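Written out below as structure tokens is the structure these notes cover.
The values are calculated or read from the model by the stated rules, or taken from the named source; none is laboratory data. Nothing here was measured: the structure is a model prediction, and the numbers come from that model. Here the Cβ is made from the backbone with ideal geometry for all residues, glycine too, and neighbour counts use every protein chain on show. Each accessible area value is taken on the protein alone, full model and side chains, heavy atoms only, with ligands, DNA and RNA left out. Shrake-Rupley method; radii C 1.70, N 1.55, O 1.52, S 1.80 Å.
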Amino acid sequence: MTRLLLVFIVIVSVNIPVCAQGKIHSIRKEFLNPESSQVLVASHRAVHHQYPENSIPAIKEAIRLGVDVIEIDVQVSKDGIPMLMHDGKVDRTTNGKGNLETQNYQDLKKLRLVANGNLTDEQIPTLKEALLIAKGHILVDLDMKTSHVEQVMQVIKSTKTENIAFFFDSDYSILSKVDSVSKQFMIMPRAYNMAMADSALKLYSPEVVHIDEKTNTAEMVGTIKKGHARVWINALGKPDEAIRQGNGKQAILELIKNGANIIQTDEPEKLLKYLRAVGLHQ
């Protein structure tokens, strides 16, 4: 009886449904199938309406909602610990000040994260903490806000999360450094034009390529899919505002009209609801 009670307490404490265990296999299968009719949902800085962005509770909420991918931002502390932070400075999202990469891990861990203008009890997570929460449940897009890629790769190796984590950058020198270490690391280059897309496909054979509104053309999407990669596009900004207000159907259709099949959003729950209703997400 005691053992059963302890197991129940652990499951509740992490706020992740038992049925979510092992879901990563089906998500990864879809992710690696660029011709799938399913549109995957990526949650920008995890789910940050109720929780601090890039925080452990925000990651857990994305898992609970059934999101396919979380986007998190990675920097490395002065003493070499990869941590989650979008801005160069910690001023906006914590009760501290200054650049994350000029401060030591122990000092950064004393800070507390802010959510919706309110100070919380949450700390800046390490990448290791984030990956261990995500492991087995959700894919992780690592938006590289650092040039210290070696430390990031080491954390992925040590946590055995090569199957869920992928590197995003528009700086191809960073991606080339990752790719030169191991082809096992997954990569998402950003392509601002057709020449960049062609280059990315030839250099990396990437799992996914990030395009933008201006490059959301049938030619661009077709080229990327012929290269056996998924096509990532953002709903951030006006499309998300339409989704937020409950009239996002046209905005969503505009995003996927040429075949883009991963959407990054600040409104993951609402986007998932729409895609499931029209049979574009299981």
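Shown for the chain: the carbon plus sulfur share of the solvent-accessible area, taken with all protein chains present and a 1.4 angstrom probe, equals 53%.
P(r) tail for the chain: Cα pairs beyond 22 Å make up 57% of the total.
Residues within the reach of a label modelled at residue 112 (point 7 angstrom out along Cα to beta-carbon, backbone nitrogen below 20 Å), restricted to region 67-84, are 84. For region 13-139, the normalised intensity computed at q = 0.13, 0.18 Å⁻¹ comes to -0.54, -0.93 (log10 of I(q)/I(0), Debye sum over alpha carbons, equal scatterers, no solvent). A 1.4 Å probe run over the protein chains yields, for region 213-282, 51 Å² of accessible area per residue, whole-number rounding. Sequentially through region 60-71, phi angles give Karplus couplings (6.51, -1.76, 1.60; θ = phi - 60°) of 4, 5, 4, 5, 4, 6, x, 5, 7, 9, 9, 9 Hz, Gly and Pro residues having no value and appearing as x. Here each label is just a point 7 Å from Cα along the line to Cβ, and for residue 205 and residue 250 those points are 4.3 nm apart.
Shown here are the Rg and Dmax of the Cα trace of region 58-196, at 15.1, 46 Å.
Put a dot 7 Å past the Cα of residue 89, heading toward its Cβ, do the same for residue 273, and the two dots end up 3.7 nm apart.
Under 17 Å from a label point set 7 Å out along the Cα-to-Cβ vector of residue 157, the amide N atoms of region 126-150 belong to 128, 148-150. Near the amide H of residue 208, within less than 5 Å, lie the amide hydrogens of 187, 230, all on another chain or at least 5 residues away, with H placed in the peptide plane. With R₀ fixed at 25 Å, the C-beta to C-beta distance from residue 147 to residue 212 puts the FRET efficiency at about 0.60. Structure remark: mean-square fluctuation, Gaussian network model of the chain, C-alpha springs under 10 Å; the largest value among 153, 188, 196 belongs to 196.
So what is the accessible area of region 69-173 per residue, in Å², with the probe set to 1.4 Å?
Details: 4310 Å² over 105 residues.
Here the residues of region 69-173 average 41 Å² of exposed surface.
Largest first, the residues 217, 265 sort by 1.4 Å accessible area into 217, 265.
In terms of accessible area, using a 1.4 Å probe and ignoring ligands and nucleic acids, 92, 244 rank largest first as 92, 244.
Using a cut-off of 17 Å between alpha-carbon atoms, which lysines can reach residue 249, once sequence neighbours fewer than 8 places away in the same chain are excluded? Result set, ordered by chain and number: 238, 257, 270, 273. Modelled label positions at residue 50 and residue 26, each set 7 Å beyond Cα in the direction of Cβ, lie 2.3 nm from each other.
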